[in-house]
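Worksheet: the structure to be examined is printed underneath.
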Amino acid sequence: MTTLDLRENVQLAPFTSWRVGGPARYFAEPRSIDEVKALLQWARSENVPFFVIGRGSNLLISDEGFAGLVIRLADKFGAVSLENGRLTAQAGCSTMTAVKAAAQAGWGGVEFLSTIPGTLGGTVVMNAGAHQSSMADILESATSLMPDGSVITEGVADLGYRYRHSNLRERGAVVLEAVIRLEPRSPEAVQQEILMLSKWRRERQPQALSAGSVFTNPSMASAGKLIEDAGLKGETLGRAQVSTVHANFIVNLGGAQAAEINALITRVQERIHARHGLWLHPEVRGVGLEVGHAEARHDPTQPSA
Ligand SMILES: Cc1cc2nc3c(=O)[nH]c(=O)nc-3n(C[C@H](O)[C@H](O)[C@H](O)COP(=O)(O)OP(=O)(O)OC[C@H]3O[C@@H](n4cnc5c(N)ncnc54)[C@H](O)[C@@H]3O)c2cc1C
């Protein structure tokens, strides 16, 4: 029988890129599929809600924390291997680790991942992307633990991919493993591309604590441009601020509360709605809270989260 390595009342802020959020009632960092299974079985038998996180780079966690079990699939669940131009990694493998492991063996084509902080699991679920590529373009298959306890491997066509969306969350899937297709590429070429992309980011995006883009882009415009044109760059609420560098980022100036960030998200949505009659849709996910304005969550013109 698998023993449960459960901790209690663990502060979640250090596990997020915004560095905000209260404690998890229960917290675990499993190392194997059997441990993940055992944790979910325990949560179900104890009637404890659970939430899976990766590196927390797309999360707004409530100041009150999460009154259930947080399962962190990151560093301790990050084994990676390569064979025949395929990279197979546990969900907790970081995007940068995957790119570097591929490069060392003479493979690439996935360099855009290096600029997206997070785990492969989070990136598969979010269909994260940058520089005209997204996870849907490079993923071959994902293996998930389903709510009925089965472990299934699905091809990319089964995952309902569209812009920053997969069907994995609505199906309650816990992603365990991803297989990514690679292209032959020299380590030097990969390294050069990583440096170029990271320079591009540094020049255009804030280096302060953030969760990347707060809103998805509406079909007709970039969210950042709409926010900037509304004069909201630099808008500040408590210790949260609409970045002066990139208006679709909200930065933690140091000591921000989740409630402040969430109120600023709502304020931005209201201003854009008043100007353009559309609700910006949050890309960031809430834990223990609902992100942004209630009407935006029910806006039929926006893609569902
Ligand atoms: C500076 C910065 C820049 C960014 N730039 C980009 C960008 O260019 N493009 C982009 O798309 N995103 C960007 N992001 C957002 C973020 O990096 C991505 O969404 C990333 O893929 C999230 O991965 P994560 O492991 O941190 O997931 P988390 O933030 O921990 O979780 C995100 C969601 O995935 C779920 N999840 C995580 N792991 C699993 C799993 N194993 N099984 C099931 N569900 C899981 C969580 O429940 C949650 O719903 C940026 C963030 C930052 C801080």
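The values are calculated or read from the model by the stated rules, or taken from the named source; none is laboratory data. Because the structure is a prediction, the values reported are computed rather than measured. Note that each Cβ is placed from the backbone with ideal geometry, even for glycine, and that neighbours are counted across all protein chains shown. With ligands, DNA and RNA removed, areas are computed over all heavy atoms of the protein, side chains included. Shrake-Rupley method; radii C 1.70, N 1.55, O 1.52, S 1.80 Å.
For every other residue with a beta carbon closer than 12 angstrom to the beta carbon of residue 20, add +1 if it is Lys or Arg and -1 if Asp or Glu, then tell me the sum.
My count for the surroundings of residue 20 gives -1.
If you average the C-alpha positions of region 199-243 and of region 1-44 separately, how far apart do those two centres end up, in angstrom?
The two parts, judged by their Cα centres, are 31 Å apart.
Testing the spin-label approximation: label points 7 Å from Cα along Cα→Cβ at residue 31 and residue 208. State their distance in nm.
4.0 nm
If one puts a single equal scatterer on every Cα of the chain and applies the Debye formula without solvent, what log₁₀ I(q)/I(0) results at q = 0.13, 0.15, 0.16 Å⁻¹?
The Debye formula, applied to the Cα set alone, gives -0.96, -1.25, -1.39.
Set the Förster radius R0 to 45 Å, insert the Cβ-Cβ distance between residue 199 and residue 263 as r into 1/(1 + (r/R0)^6), and round the FRET efficiency to 0.05.
0.85
For n ≥ 4 DSSP H runs only, could you compute -39500 (n - 2.57) per run for the chain, divide by its residues and tell me the 222 nm figure to the nearest 500?
Using -39500 (n - 2.57) per qualifying helix, the result is -8000 deg cm²/dmol.
Tell me the net charge near residue 212. Cut-off is 13 Å between Cβ atoms, residue 212 excluded, with +1 for each Lys or Arg and -1 for each Asp or Glu.
+4
Among 279, 42, 200, what's the order by accessible area (1.4 angstrom probe), most exposed first?
200, 42, 279
What does the charge count near residue 263 come to, summing +1 for each Lys or Arg and -1 for each Asp or Glu among other residues with Cβ under 14 Å from its Cβ?
Residues close to residue 263 contribute a combined charge of -2.
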